[in-house]
Amino acid sequence: MNRQTTRQMTRHTMASFALLFALGGAAAAQSSALTPALKASVTVTSDVVRIGDLIDNCGPVADVPIFRAPDLGTSGAVATDRIVDAIRPHQLIGIDTHGLAQVIVTRASRAITEQEISGRITQSLAGQYGFGEAHNIFVRLDGGVRTLQVEPDATGELQVVALSYDPRTTRFDVTLDLPTSTELHRLGARYSGTAIETVDAVAVDQPIERGQVLKASDLVVLRRPKDESGALTDLDATVGLAARHSLRPNQPLTMADLMKPDVVLRNDTVTIVYQAPGVTLTLRGQAQDAGAIGDTIAVLNAESKRVVQGVVSGPDRITVGPVTTRVVDNGAQSAE
């Protein structure tokens with residue numbers, strides 16, 4: 001046998017070994033892929049847990065139920081030993097447990113929160129019993145209201161089956177339903193509480209001293225009962241006013257709490273502007289009172305030393321108009 005023939009046989013032998021190794025690896029991979037294997041965590045949608053929920057590659061026994069599922073929206077841990085024992089009668093052997101001590105099982109659900117419940121009640125009250133729009137109605141439910149857990153495929157909105165409301169006490173009683181949910185039919189959904197109509201109310205969010213001018217950053221808008229009359233509702237109109245007295249945070253403001261800010265202080269040096277038809281004079285003076293724009297205050301003319309009344313027309317500016325003189329004829333009437 002010559003050297004060339006020997007090299008060809010060697011290459012053929014090596015290729016054969018490589019093919020065998022490749023086939024063996026593929027078979028091993030296929031075998032591994034088909035091995036029943038335990039899952040670390042699962043989510044189920046029915047009231048039972050089936051073998052196929054817990055085990056991959058479990059074949060024809062996948063739909064066999066072995067445990068009761070947790071309650072809707074909750075989770076539970078099942079020990080691996082219990083799972084293996086429950087499956088054993090169904091001839092499923094060689095399960096790869098991946099060394100897991102337990103499996104976490106979660107029951108899927110649709111959560112109906114207190115916010116959703118309150119929202120449905122306000123929608124139902126809107127336009128009835130003297131209420132206005134739903135977003136102005138505040139509902140407070142009695143007691144601790146837990147989140148409702150219903151089937152994940154229970155679609156649609158909550159329906160109001162019965163509703164009563166007493167405007168004198170502001171109390172209501174309501175029964176809700178979700179036609180697509182068997183669970184909610186079983187549990188029932190009846191609630192009671194109070195409902196009031198609210199409006200915007202402007203308040204300060206920090207202590208404000210007397211005379212301090214309000215800025216937008218000092219103000220917040222609260223929702224307050226509609227019957228709390230007199231509360232300011234326009235935040236923009238409140239900016240620039242001054243506190244008539246000390247203000248506390250989160251207390252609705254009224255016009256009695258505020259005033260126009262003083263732009264002239266007592267004893268300030270001011271400019272007196274005298275205006276008459278065709279004549280405008282400016283003089284120096286001293287304010288005898290404090291005042292806001294539009295207020296009438298006394299001012300001392302620095303030149304004549306006379307005190308006159310004028311209107312605050314700007315910072316340190318007092319406008320004085322012409323004085324109307326009434327002429328009285330005191331002459332003796334002639335006798336007829």
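FYI, it's all coordinate maths here, none of it is from the lab. All of these numbers come straight from a predicted model, not from anything done at the bench. Here the Cβ positions follow ideal geometry from the backbone for every residue, glycine too, while neighbour counts run over all protein chains shown.
What to note about this one:
- The Rg/Rh ratio for the stretch 20-172, using Cα coordinates for both the radius of gyration and the Kirkwood hydrodynamic radius, is 1.27.
- Relative contact order of the chain: 9 percent, from C-alpha pairs under 8 Å at least 6 residues apart in sequence.
- Pair Ser41, Ser192: separation of 7 Å Cα→Cβ label points (nm): 4.1 nm
- Percent of Cα-Cα distances greater than 15 Å, calculated over the stretch 262-320: 35 percent
- FRET efficiency estimate (nearest 0.05) - Cβ-Cβ, Lys215 to Thr169, R0 45 angstrom: 0.65
- In the stretch 109-259, the C-alpha radius of gyration followed by the widest Cα-Cα span (Dmax) gives 20.3, 63 angstrom.
- Note that the chain shows a convex hull volume over its alpha carbon atoms of 429 Å³ per residue.
- Taken about its Cα centre, the stretch 116-257 carries a charge dipole of roughly 440 debye when the Cβ of each Lys and Arg holds +1 and the Cβ of each Asp and Glu holds -1.
- Counting only residues at least eight positions apart within a chain, or on another chain, the aspartates and glutamates with an alpha carbon under 15 Å from that of Lys39 are Asp53, Asp56, Asp81, Asp96.
- Residues Ala298 and Gln115, FRET efficiency given R0 of 35 Å [Cβ-Cβ distance, rounded to 0.05]: 0.05
- In the stretch 201-258, the C-alpha radius of gyration followed by the widest Cα-Cα span (Dmax) gives 10.1, 29 angstrom.
- Over the stretch 38-108, the hull volume per residue, using the convex hull of the C-alpha atoms, is 73 Å³.
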